[in-house]
C-alpha cells in the first residue's frame, strides 16, 4: 500500500511540474496532461516492482517515479522538437504554402506600407520594420504563424523560385506576447521571387530562441516546400505576400498549418474542387475582406480545415 501511495504522489508531482512548464511554453493542457499521466502510470508500475523486490522506501520510490517521468517526458518533447519529417508539397504552381508548422495568429493587410498593429502607447509599425528590407513598396498581406515548443521548427519555402535576398538582423529576445517584440526581436528575412511574384519569409526570435539558422543564400534556386531554415525553441514566422487582385487568402487565425503542405493562399484562379485536401485548406477569403474578418474575430466556421485549432495554442 505504501508503494502505491508513493507512486501516485510521485506521478502527481511530475504532472504538476510538467503542466506548469506546458503553461509557460504555451503547449496547451489536455495533451501534455494525458502524455505525462500515461508515462507516470507506466513508470509507477516499473518502480513499484523494483521497490518491492529490493525494499526501497516510499520516499525513494516517489522520487524515482517523479524523476523518471519527467526525464521521459523531456525526451519525448525533445524528439518532437527536433524531428524533421518529409513533406509532400501540392502538385500545382498557383499555391503559396505555409513556411512553418504552427498556429495562424493573424492575417493583416498592409496598406501604404503601414501595418494595423499598435503598442499600448499608440506606436504604429511599418512593413519595412517587420522585414528590415525595402523590397515591398505597395500593399501586402502579412500572415503570422506562431510555433510552440512541440511544433516542427524546420521552415520551408512557400513558393518555388530564387532567393533574392537573405540576411540576419540582430535584435532583442522579448516575449512575442508583446506586439512590439514582433518588430524589435532578432530575425532573419528571406525574399523569394519568381516571374510575377515575390514573397518574404521572416523568421522571428522569441524569449526562448537564441538561434536562427538559414540554409540558403542569395542566388540559390529553391523548390516549393524545400527546407530554407530553422528556429529553435518556439518563435514566430511571418509571410508577406504582395497584394494583387487575383490573390485569395485561405487561412484564418486559429488554423493549424503544416510547413510545405498547407496552402495559405492561391494566385490566379481560385482553387477548385478535386484539389488534394492539403492544397485546399479553407474556402477562399478575398483579399479585400481579410482585415475586416480579422477585426471582427473571424465569425463563421471554416470549411475543409487542414487540422483543427490546437487546444491551448497561442
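Can you say whether residue 96 is in a strand (DSSP E or B), under 16 Å from the mean Cα position of the chain (by Cα), at pLDDT 95 or above and crowded, with 19+ Cβ neighbours inside 10 Å, as far as the supplied structure shows? Walk me through it before giving the result.
Working: in a strand (DSSP E or B): yes; under 16 Å from the mean Cα position of the chain (by Cα): no; at pLDDT 95 or above: yes; crowded, with 19+ Cβ neighbours inside 10 Å: yes.
No, not satisfied.
Conditions (1) outside any loop (DSSP other than H, G, I, E, B); (2) in the same structural domain as residue 240 (by TED's automatic domain parsing); (3) surrounded by fewer than 18 Cβ atoms within 10 Å (Cβ to Cβ), marked per residue:
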| residue | (1), (2), (3) |
| --- | --- |
| 116 | yes, yes, yes |
| 138 | no, yes, yes |
| 143 | yes, yes, no |
| 146 | yes, yes, no |
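Say we look at the stretch 38-49 and pick out the residues that are under 18 Å from residue 72 (Cα atoms) and surrounded by fewer than 16 Cβ atoms within 10 Å (Cβ to Cβ); which of these is nearest to the chain's Cα centre (by Cα)? Steps first, answer last, please.
We begin by selecting, within the stretch 38-49, every residue under 18 Å from residue 72 (Cα atoms); these are 38-48.
Cutting the leftovers down to surrounded by fewer than 16 Cβ atoms within 10 Å (Cβ to Cβ) gives us 38, 41-42, 45-46.
Working: 38: 26, 41: 31, 42: 31, 45: 36, 46: 36 Å.
Within the stretch 38-49, the match that is nearest to the chain's Cα centre (by Cα) is 38.
Search the stretch 170-186 for residues being in contact with a helix residue (DSSP H, G or I) (Cβ under 7 Å, 6 or more places away or on another chain) and in a loop (DSSP other than H, G, I, E, B), and hand back the single one that is surrounded by the most Cβ atoms within 10 Å (Cβ to Cβ).
176
Residues that are closer than 19 Å to residue 136 by Cβ and modelled with pLDDT under 95: which strands (runs of 3 or more DSSP E) entirely in the stretch 202-289 hold 2 or more of them?
Numbers: elements: 212-214, 227-231, 235-242, 263-266.
Of the strands (runs of 3 or more DSSP E) lying wholly inside the stretch 202-289, those with at least 2 residues that are closer than 19 Å to residue 136 by Cβ and modelled with pLDDT under 95 span 235-242.
What's the total number of residues in the stretch 187-213 that are touching a strand residue (DSSP E or B) at 6+ places or on another chain (Cβ under 6 Å) and surrounded by fewer than 19 Cβ atoms within 10 Å (Cβ to Cβ)? Give the steps one after another, and end with the answer.
Narrowing the stretch 187-213 to residues touching a strand residue (DSSP E or B) at 6+ places or on another chain (Cβ under 6 Å): 187-194, 199-206, 209, 212-213.
With the extra rule that they be surrounded by fewer than 19 Cβ atoms within 10 Å (Cβ to Cβ), the set shrinks to 193-194, 213.
Result for the stretch 187-213: 3.
Given the structure, is residue 91 part of a loop (DSSP other than H, G, I, E, B) and touching a strand residue (DSSP E or B) at 6+ places or on another chain (Cβ under 7 Å)?
Working: part of a loop (DSSP other than H, G, I, E, B): yes; touching a strand residue (DSSP E or B) at 6+ places or on another chain (Cβ under 7 Å): no.
Here the answer is no, as residue 91 does not meet what is asked.
Please state which of the following conditions residue 189 fails to meet, knowing it meets all the rest: (1) part of a loop (DSSP other than H, G, I, E, B); (2) under 29 Å from residue 88 (Cβ atoms); (3) more than 15 Å from the chain's Cα centre (by Cα).
The single condition residue 189 does not satisfy is (1).
If only one of 22, 35 is part of a helix (DSSP H, G or I), closer than 23 Å to residue 254 by Cα and in the same structural domain as residue 7 (by TED's automatic domain parsing), which one is it? Full working, then the answer.
Details: 35 fails: closer than 23 Å to residue 254 by Cα.
Matching residue, one of 22, 35: 22.
Considering only residues of the stretch 148-160 that are modelled with pLDDT of 90 or more and crowded, with 20+ Cβ neighbours inside 10 Å, which is farthest from the chain's Cα centre (by Cα)? Step through it out loud before you land on a result.
So in the stretch 148-160, the residues modelled with pLDDT of 90 or more come out as 154-160.
If we keep only those that are crowded, with 20+ Cβ neighbours inside 10 Å too, we end up with 154-159.
On the way: 154: 10, 155: 10, 156: 12, 157: 15, 158: 14, 159: 18 Å.
Restricting to residues being modelled with pLDDT of 90 or more and crowded, with 20+ Cβ neighbours inside 10 Å, the top hit is 159.
Kindly indicate whether any position in the stretch 70-89 is in contact (Cβ under 8 Å) with a residue 24 or more places away in the chain and farther than 30 Å from residue 32 by Cβ.
Yes, there is a match, as at least one residue in the stretch 70-89 is in contact (Cβ under 8 Å) with a residue 24 or more places away in the chain and farther than 30 Å from residue 32 by Cβ.
The values are calculated or read from the model by the stated rules, or taken from the named source; none is laboratory data. Nothing here was measured: the structure is a model prediction, and the numbers come from that model. Every residue, glycine as well, gets a Cβ built from its backbone with ideal geometry; the counts of neighbours run over all protein chains shown.
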